[in-house]
Amino acid sequence: RYEPTWDSLDARPLPAWFDEAKFGVFIHWGVFSVPSFGSEWFWWYWQKEKRVPYVKFMEANYPPGFSYEDFGPLFTAEFFDPNQWADILKASGAKYVVLTSKHHEGFTLWGSKYSWNWNAVDVGPKRDLVAELATSVRNRTDLHFGLYHSLFEWFNPLFLEDAANVFKTRKFPTSKSLPELYEIVSKYQPEIIWSDGNGNAPDTYWNSTGFLAWLYNDSPVRDTVVTNDRWGVGSICTHGGFYTCSDRYNPGHLLPHKWENCMTVDKRSWGYRRNAQLDDYLTIQDLVKQLVETVSCGGNLLMNIGPTHDGRIAVVFEERLRQMGAWLKVNGEAIYGTKPWRAQNDTVTPEVWYTFSPKEGRVNAIFLNWPVSGILELGEPQAKPGETQVKLVGYQELLKWVALGEKGIIIALPQLTPKQLPWQWGWTLQLTDVN
């Protein structure tokens, strides 16, 4: 059994499914999807920081005295079809999904007993959005279902009172945050608890170790659940399950601990923005590159989309997800279930990243630029004459190659027309019998 101490909790092995999965989809959905302007931090920027664009937006479009709470009934979700969402998630090639069950605004997407009249069953959709998506994902896909949960809430009076007492009192976690966590685990049995928003309070204030000890020892998901590292001030990148370290974290080198790169298709926001321009969205080339770099360095990619207030996954997000799925259909063997190789990227040719398939004993070299010459030089693999084989995934015949001294190999790529190319945005070479 795990003790409620970081020493004990940090010793828990991460369930194997998470490292094998490599790719997940993050979904930021909530009342912030109604103004869908600027950022999911809309309430804070408008009311607390009084940022000019937000204040002007409200003055121009809403009557005087309109409060953030008034957005609640406008969060309608009339087009939310959880089966359609599940089908898109499946088509993306993702192996897990993380939904914002509650963001810093405190609005819960389930009918929480602890969020009276500020939840999706009492206000707005009048639906348990968490339950509906969980059911569809489990019935229609093999994805692991996870939930994001914000520890703190910007404007909750109990939290503000505790903060004013320099967190010597603990009214908010004991009456709101912790009961919600126990509630979502018992009710929905998520296999990821993606904690966020420490509110500048230490983990002792949140009783994070007490909750995690229950989660790992006695909860219905104790054997399969994974958690992140956002459990109070000072825990990020040091305690918990996998490390996130910061948003959009992509170190470009191997880390000794399992980590995740959580990032957004919309470069500027996690929530939906009605006024986003095409340039604000990462291209599929950008996204494949992020995935390949992340997995080579031992991480998972958690790629975020923001649905609309009426429950649609905007077509630009759907397209990116389906494109990623199409790429993974061809190149997934170089991603899923792989381990980092001794070299993460090539020393001679840029934009070449390596993974290792342990079962097959195979090195995968994923290259993001097709060389004009048709010749690809790799500085890292040590080829063995007469033994090493090189295959381009999606192309039948073996490729010709020449070894370069002790280390390095020159590979002749097939001469293909654009239509014959086994994919775009990135290609995989499988090398067998290399040192």
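The values are calculated or read from the model by the stated rules, or taken from the named source; none is laboratory data. Here the structure is a predicted model, which means the values were calculated and not measured. Ideal geometry is used to build each Cβ from the backbone, glycine not excepted, and the neighbour counts take in all protein chains shown. Each accessible area value is taken on the protein alone, full model and side chains, heavy atoms only, with ligands, DNA and RNA left out. Shrake-Rupley method; radii C 1.70, N 1.55, O 1.52, S 1.80 Å.
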Evaluate the following for Tyr148: is it open to solvent by 10 Å² or more (accessible area, probe 1.4 Å) and either free of Cβ contacts under 8 Å to residues at least 60 places away in the same chain or under 30 Å from Glu20 (Cβ atoms) (or both)?
no
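Among the listed residues Asn250, Asn261, which satisfies the condition of being open to solvent by less than 20 Å² (accessible area, probe 1.4 Å) and not in a helix (DSSP H, G or I)? Let's see the steps before the verdict.
Values: Asn250 fails: open to solvent by less than 20 Å² (accessible area, probe 1.4 Å).
When all the criteria are applied, what remains is Asn261.
Among what's in the stretch 391-407 and is open to solvent by less than 50 Å² (accessible area, probe 1.4 Å) and over 21 Å from Glu293 (Cα atoms), pick the residue that is nearest to the chain's Cα centre (by Cα). It would help to see each step written out before you state the result.
To start, the set of residues in the stretch 391-407 that are open to solvent by less than 50 Å² (accessible area, probe 1.4 Å) comprises 392-393, 399, 403.
The next check asks that each one be over 21 Å from Glu293 (Cα atoms); those that pass are 399, 403.
Values: Leu399: 36, Ala403: 39 Å.
Residue satisfying both the conditions and the ranking: Leu399.
A quick yes/no check of all residues on (1) part of a strand (DSSP E or B); (2) open to solvent by 10 Å² or more (accessible area, probe 1.4 Å):
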| residue | (1), (2) |
| --- | --- |
| Leu301 | yes, no |
| Pro307 | no, no |
| Ile313 | no, yes |
| Leu321 | no, no |
Filter result for Tyr354 (outside any helix (DSSP H, G or I), open to solvent by less than 60 Å² (accessible area, probe 1.4 Å) and under 21 Å from His253 (Cβ atoms)):
yes
Arg51 is checked against (1) open to solvent by less than 60 Å² (accessible area, probe 1.4 Å); (2) out of contact with any Ser or Thr (no Cβ under 7 Å at 6 or more places or on another chain) and fails just one. What number does that condition carry?
(1)
Odd one out for Cys245, checked against (1) more than 21 Å from Gly30 (Cβ to Cβ); (2) in contact (Cβ under 8 Å) with a residue 12 or more places away in the chain; (3) not in a loop (DSSP other than H, G, I, E, B):
(3)
Lone unmet requirement of (1) of a type in the set (Gly, Ala, Ser); (2) modelled with pLDDT under 95; (3) under 18 Å from Tyr182 (Cβ atoms) for Ser219
(2)
Report, ordered by the first and then the second residue, all pairs with beta carbons closer than 7 Å, sequence separation of six or more or different chains, a first member in the stretch 114-129 that is on the phi > 0 side of the Ramachandran plot, and a second member that is assigned to a helix (DSSP H, G or I) and open to solvent by less than 30 Å² (accessible area, probe 1.4 Å).
Gly124/Gly72
Conditions (1) under 20 Å from Thr349 (Cβ atoms); (2) loosely packed, with under 14 Cβ neighbours inside 10 Å; number of the one not met by Gln424:
(2)
Within the stretch 77-114, the residues that are of a type in the set (Gly, Ala, Ser) and in contact with an Asp or Glu (Cβ under 7 Å, 6 or more places away or on another chain) are Ala77, Gly106, Gly111, Ser112
Considering only the stretch 192-203, I want to know if a residue exists there that is farther than 19 Å from Glu153 by Cα, assigned by the TED database to the domain that holds Asp10 and free of Cβ contacts under 8 Å to residues at least 24 places away in the same chain.
no
What about Gly325, is it free of Cβ contacts under 8 Å to residues at least 60 places away in the same chain and small (Gly, Ala, Ser)?
no
By residue number, the members of the stretch 68-92 that are surrounded by fewer than 24 Cβ atoms within 10 Å (Cβ to Cβ), small (Gly, Ala, Ser) and in a loop (DSSP other than H, G, I, E, B) are Ala77
Selection from the stretch 358-381 of residues that are under 23 Å from the mean Cα position of the chain (by Cα) and among the small types (Gly, Ala, Ser)
none
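Of all residues in the stretch 208-229, count the ones that are in contact with a Ser or Thr (Cβ under 8 Å, 6 or more places away or on another chain) and either without any contact (Cβ under 8 Å) to a residue 40 or more places away in the chain or in a helix (DSSP H, G or I) (or both). Let's see the steps before the verdict.
Filtering the stretch 208-229 down to residues in contact with a Ser or Thr (Cβ under 8 Å, 6 or more places away or on another chain) leaves 208-209, 212-213, 215, 219-220, 225, 227-229.
Those still in the list that are either without any contact (Cβ under 8 Å) to a residue 40 or more places away in the chain or in a helix (DSSP H, G or I) (or both) too: 208-209, 212-213, 215, 219-220, 227-229.
The qualifying residues number 10.
Are any residues in the stretch 382-393 under 30 Å from Arg322 (Cα atoms) and part of a strand (DSSP E or B), and if so, which ones? I'd like the intermediate steps shown before the answer.
Taking the stretch 382-393 first, the residues under 30 Å from Arg322 (Cα atoms) are 390-393.
Correct list: Val390, Lys391, Leu392.
Taking the conditions exactly as written (open to solvent by 40 Å² or more (accessible area, probe 1.4 Å) and farther than 19 Å from Ala94 by Cα), does Asn275 satisfy them or not?
When the stated conditions are applied, Asn275 passes them.
Among what's in the stretch 357-369 and is open to solvent by less than 30 Å² (accessible area, probe 1.4 Å) and not β-branched (Val, Ile, Thr), pick the residue that is nearest to Lys289 (Cα to Cα).
Of the residues in the stretch 357-369, the ones open to solvent by less than 30 Å² (accessible area, probe 1.4 Å) are 357, 362-368.
Of the ones still in play, those that are also not β-branched (Val, Ile, Thr) are 357, 362, 364-365, 367-368.
Values: Ser357: 19, Arg362: 21, Asn364: 15, Ala365: 13, Phe367: 9, Leu368: 7 Å.
Out of the qualifying residues, it is Leu368.
For the stretch 198-236, which positions are within 16 Å of Asp162 (Cα to Cα) and open to solvent by 10 Å² or more (accessible area, probe 1.4 Å)? Lay out the reasoning, then the answer.
So the first thing to find is which residues in the stretch 198-236 are within 16 Å of Asp162 (Cα to Cα), and the list is 198-207, 232-233.
Listed by number, the residues that qualify are Asn198, Gly199, Asn200, Pro202, Asp203, Thr204, Asn207, Val233.
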Selection within the stretch 370-384 - surrounded by 16 or more Cβ atoms within 10 Å (Cβ to Cβ) and aliphatic (A, V, I, L, M)
Leu376, Leu378, Ala383
